[in-house]
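For reference, the structure is listed below as structure tokens.
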Amino acid sequence: LDTSEATTFRRLGAFVGGASFDAIDHVCAGGTGTDALAAVEALADKSLIRLTTGSAGEARVELLETIHTFARNRLELSGEQREVQRSHASYFADRAEEAERHLRGARQVEWTRRLEEERPNLDVALSWSFGPGDPTYGLRIVAGLRDFWNYQGHAHDMRQWTARALNVVDETAGKTRAGVLMSAGFAAYNDHDPRAVELLDDATALFEAANDFEHQALAQVWATGSRELFTGDLDGARRGVRRGLELARRTGATSVEAQALNFIGELERAAGNLEEAQQFQSQALELSRQTGEMRRVAMVTHNLGMIAPQLGDDVAAARLLHESLELAATQGYGTMTAYCLLGLSEQLALRGNATLAAQVVGAADEYLRVMGVRAQMADESDHVRIHAFVAREAGPERYAQATAQGARLDLDEAVELIR
């Protein structure tokens with residue numbers, strides 16, 4: 001290899017799971033005048049790398065594991081490893097911050113897929129930042145990946161990295177600290193951990209001090225909803241979420257407005273006020289369609305599908321849950337796919353197919369267990385009811401056998417069973 005090719009090759013060792021041309025240009029060309037993309041073409045001609053196509057149709061580079069190990073060893077011996085890893089962490093911190101904005105908009109699915117593709121690189125950047133490197137980059141990544149981890153059901157990642165971030169973030173970090181606290185608050189809320197209230201309250205105050213009213217509204221909605229979860233103060237939660245709703249409307253943050261309406265609907269559903277819940281969720285669905293947030297469309301459609309049978313409309317329940325399932329499965333939205341499978345298992349059992357219903361229950365339960373995802377507050381009682389109903393319809397022995405069979409299915413196979 002010539003000098004340019006050798007430099008690019010060893011710096012490719014900083015990536016894991018492949019790299020986009022944009023990332024390579026940023027990380028491999030820095031500080032040397034190297035034409036990294038020309039070097040990539042030469043390396044491909046010499047069969048040291050493989051050119052592939054990413055989820056968004058962009059060109060990517062992959063290395064076989066043995067060649068990647070050799071490249072990484074050359075990087076370690078070069079004396080430039082720290083600066084290359086810093087450049088790598090900086091690039092992915094920028095991408096996480098860019099993604100955070102798009103995850104609440106019409107490009108939500110595209111950016112979720114991009115982040116999923118880059119998970120190995122994001123993990124490497126986080127490990128370096130919170131290990132021998134510079135935590136500044138890791139804090140920015142943790143603040144930016146909140147909705148990605150939440151939507152994708154990456155509960156283990158969210159717990160691990162928010163905990164690491166809380167250990168190092170200081171009072172001077174400003175909006176980055178606020179973002180870290182909100183990510184940690186989301187993680188605690190999902191785990192039904194009372195620390196969610198304090199974390200989200202602190203994030204709300206920091207965003208307000210920074211005049212970031214969109215994020216202030218979002219943090220406030222989740223803070224007040226968390227408070228109700230742990231104190232049972234439904235009236236106080238309603239007031240708090242409505243304040244967040246009003247702030248979102250004043251600032252034109254339609255996505256946060258939809259989240260607030262969804263949150264109020266979930267509070268009412270958990271309290272058994274089903275007609276009120278249906279009204280708020282219907283408003284949230286309309287706004288989510290306007291913003292193009294198809295994952296929220298899937299989520300709110302599911303919520304409406306879970307309300308319908310309790311209002312005596314099993315036909316609407318099956319229709320809404322099927323619609324949500326197809327949206328979620330198409331987008332790779334695993335958590336919502338599993339929730340829809342549970343809802344539809346009840347509809348299967350009602351129609352006399354309890355064995356298939358139990359298989360679907362087994363598949364959904366196993367996915368949520370492996371991902372470490374706990375049911376949301378409003379879903380818990382519904383899931384208890386569904387499990388009990390399907391078990392009763394199938395009978396103890398058949399239920400045990402069928403759920404065990406279902407646990408060996410992946411989500412795609414379970415979706416095909418439902419179809």
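The values are calculated or read from the model by the stated rules, or taken from the named source; none is laboratory data. Treat the numbers as computed from the prediction; the structure is a model and nothing was measured. Reconstructed Cβ throughout: ideal geometry from the backbone, glycine too, with neighbour counts over all protein chains shown. For the accessible areas, the whole protein counts, side chains as well, though only heavy atoms, and no ligand, DNA or RNA atoms are used. Shrake-Rupley method; radii C 1.70, N 1.55, O 1.52, S 1.80 Å.
Quick one: which of Thr176, Thr204 is among the polar types (S, T, N, Q) and without any contact (Cβ under 8 Å) to a residue 24 or more places away in the chain? After ruling out the rest, the residue left standing is Thr204. Within the range 51-95, if we keep just the residues that are in a strand (DSSP E or B) and of a type in the set (Val, Ile, Thr), the residue that is most open to solvent (accessible area, probe 1.4 Å) turns out to be Thr53. When the residues of the range 369-410 are narrowed to those that are aliphatic (A, V, I, L, M) and in contact (Cβ under 8 Å) with a residue 60 or more places away in the chain, which ends up surrounded by the most Cβ atoms within 10 Å (Cβ to Cβ)? Out of the qualifying residues, it is Val373. The residues listed here are Phe70, Phe130; of these, the one that is among the aromatic types (Phe, Trp, Tyr), more than 24 Å from His215 (Cβ to Cβ) and without any contact (Cβ under 8 Å) to a residue 60 or more places away in the chain is Phe70.
For (1) open to solvent by 50 Å² or more (accessible area, probe 1.4 Å); (2) within 17 Å of Leu122 (Cα to Cα); (3) at pLDDT 95 or above, each residue gets a yes or a no:
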{"residue": "Thr7", "(1), (2), (3)": "no, no, no"}
{"residue": "Phe15", "(1), (2), (3)": "no, yes, yes"}
{"residue": "His26", "(1), (2), (3)": "yes, yes, no"}
{"residue": "Gly30", "(1), (2), (3)": "no, no, no"}
{"residue": "Thr34", "(1), (2), (3)": "no, no, no"}
{"residue": "Val40", "(1), (2), (3)": "no, no, no"}
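Taken over the range 269-285, residues that are within 23 Å of Arg385 (Cβ to Cβ) and either touching a residue at least 60 places away in the same chain (Cβ under 8 Å) or open to solvent by less than 10 Å² (accessible area, probe 1.4 Å) (or both) amount to 4. Residue count for the range 51-82 under the criterion of being in contact with a Gly (Cβ under 9 Å, 6 or more places away or on another chain) and not aromatic (Phe, Trp, Tyr): the result is 17.
For residues that are assigned to a loop (DSSP other than H, G, I, E, B) and touching a Phe, Trp or Tyr at 6+ places or on another chain (Cβ under 9 Å), scanning just the range 20-50, find the one that is nearest to Phe92 (Cα to Cα). Among them, the one singled out is Ile49.
Tell me, please, whether a residue that is within 20 Å of the chain's Cα centre (by Cα), surrounded by 17 or more Cβ atoms within 10 Å (Cβ to Cβ) and under 18 Å from Met377 (Cβ atoms) can be found in the range 228-247. No: the range 228-247 contains no residue that is within 20 Å of the chain's Cα centre (by Cα), surrounded by 17 or more Cβ atoms within 10 Å (Cβ to Cβ) and under 18 Å from Met377 (Cβ atoms). Does Arg119 count as touching a residue at least 60 places away in the same chain (Cβ under 8 Å) and farther than 16 Å from Ser183 by Cα? The answer is yes for Arg119.
Based on what the data block shows, is Val241 touching a residue at least 40 places away in the same chain (Cβ under 8 Å), aliphatic (A, V, I, L, M) and farther than 22 Å from Leu342 by Cβ? No. Within the range 286-329, the set of residues being open to solvent by 10 Å² or more (accessible area, probe 1.4 Å), of a type in the set (Val, Ile, Thr) and more than 15 Å from Gly343 (Cα to Cα) comprises Thr291 only. Residues that are of a type in the set (Gly, Ala, Ser) and crowded, with 20+ Cβ neighbours inside 10 Å number at least 1 in the following helices (runs of 4 or more DSSP H) confined to the range 106-214: 119-130, 135-144, 155-168, 175-190, 195-209.
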